Amino acid sequence: MISFFLCLILLIGGYFVYGKIVENTFAPDDRETPAVRINDGVDYVVMPQWKLFLVQLLNIAGLGPIFGALGGAQWGPIVFLWITFGTIFAGGVHDYFSGMMSARHDGASIAEVCGIYLGPVMQNVMRVFSVVLLVMVGTVFAVGPAGLMKVLVSNSGGTGILAQSMFWLILFLIYYFIATFISIDKIIGRFYPVFGICLIIMAVGVIIGILTNPAYTIPEIWDNFHNMHSSGTPIWSVMFITVACGAISGFHSTQSPLMARCLKSEKQGHFVFYGAMVTEGVIALVWAAAGCSLYEISGGLTTGLAEIYAQGQSVAVYDVCQKTMGGIGIALAMLGVVVCPVTSADTAFRSARLTVADWFHIDQTKWQNRLKLCIPILGAGAILGIGNTLGYINYTVIWRYFSWTNQTLAMIVLWTASMYLFREKKNYWLTAVPATFMSAVSMTYFFYAGECLNLGTTIAYPAGIILAVVFLAIFIRATKKPAPTAA
């Protein structure tokens, strides 16, 4: 339990100390923001700082800090270290720079920002990468809450499991279409702050349920500093990919531009972007603690968590809520867990619309143009979601591809931020170090994972690290050339 609180203190302290270093390095000023200068009443709308923070938190949170943290807990309390230090030195940095670089370029989508600093080839790669990721995120966050609602209704005596899943999936997809189509302040800016409060209360309820029940004990990192995964799955780099959103997530870089278009002042960035990531890290820490403390550990392995997790992620979440908060707590927690992905999925589809619009220079103030983009984007999500519900597409496979794509996107964005800092003649090591680390994580997983090249650790480990060093060398070589004038 001591290690849990130490990590919690580090996360909070990281916001005030390292987050301030990140802000000072970027150096926000009093220039007119895109929300003020462009203000189109659709995507560029000024919002108050507290609302920006809560909307950003809901946009980036999704199922990541819940499903990912529970999955990461299978490796034991060692996952606390990745959530804590990943959030402070990688995730918070990534989210802050993705939002602030977008603000400096009229709220441009992250693919366009990458093109400015990494060139046209990477810009096109990022365009495709971003849209694919966003559609997968939308699909994952449509299937996920539909599954959660199915579990909730089934445990309340409902019948017709397949019909329930399809009903909730279609209902969520209809809502996503509406939220993607209309202006950002109609639903997202108006109701999401309330949902944000529910999400925070849910996390508080889970940790209180753990701390007040003598049957539950959060294990210490130093007593369990080894791989506790029941299947022996290696920590490097699978755990780093599995946790994803709870430490660093490329998906966040697709969401930050949404709030970059709504900032009244650049100085709000520290609280809105870095602060939301730290809050998500705290939420992930809570859920990881739940996974480590509520289930049996046998022979030094998390066998109990593996058993419940094998029944499905939704079942595991329901079980945690039931164990920590009982009847009333279940309703509150399930509401939070359902709302959490719903509020990320609609902004994922919205970001996909804006990415394609920026790509092909399609004016989004006209409803006809928004409709033309919403139909194919939501259609792709519907095909994947329905395919999963009918058993033709494996949800866990979609999640694994989402996780790897997620971290690869984060890697590219961190290299973009490094080039930005180089051009601005500032300390680019602030982003280059986590960029190198995430390059090693992403490339190692690509060589190792069964859904990728499946080459095993003997080849994957050295290959991933060598590629990360190559990327760093390419960047260092670029810094030896005179920095061009920043755009």
Where labels lie 7 Å past Cα in the beta-carbon direction, separation of THR365 and LEU6 in nm: 5.6
Within a Cβ distance under 14 Å of SER293, other residues only, what is the Lys/Arg minus Asp/Glu net charge? -3
State the extension gain, in nm to one decimal, for the chain segment bounded by ASN454 and LYS426, taking 0.36 nm per residue of separation less the distance between their alpha-carbons. 6.1 nm
For the ranges 379-385, 102-108, 172-178, what's the packing order if you count other beta-carbon atoms within 10 Å of each residue, average per peptide, and put the highest first? 102-108, 379-385, 172-178
Give the Debye-formula value of log10 I(q)/I(0) at each listed q (0.16, 0.19 Å⁻¹), with one equal scatterer per alpha carbon of segment 244-328, two decimals each. -0.77, -0.90
If you wrap a convex hull around the Cα atoms of the chain, how much volume per residue is inside, in Å³? 133
How big is the dipole moment of segment 1-153 about its Cα centre under a simple scheme where the beta carbon of each Lys and Arg is +1, that of each Asp and Glu is -1, and everything else is neutral? Debye, nearest 20, please. 380
I need to check one value: relative contact order of the chain, counting alpha carbon pairs closer than 8 Å and at least 6 residues apart, in percent. 29
Rounded to the nearest angstrom and ordered from largest down, what semi-axes does the equivalent ellipsoid of segment 1-110 get from its C-alpha gyration tensor (root of 5λ)? 31, 17, 12
With +1 on the Cβ of every Lys and Arg and -1 on the Cβ of every Asp and Glu, the dipole magnitude of the chain about its Cα centre, in debye rounded to the nearest 20, is 920
Around ILE78: net Lys/Arg minus Asp/Glu count, Cβ-Cβ under 12 Å: -2
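Each value in this text was obtained by applying a stated rule to the coordinates, not by laboratory testing. Remember, it's a predicted structure, so these values are computed and weren't measured experimentally. When we count neighbours, we look across all protein chains shown, and the Cβ atoms used for this are built from the backbone with ideal geometry, even at glycine.
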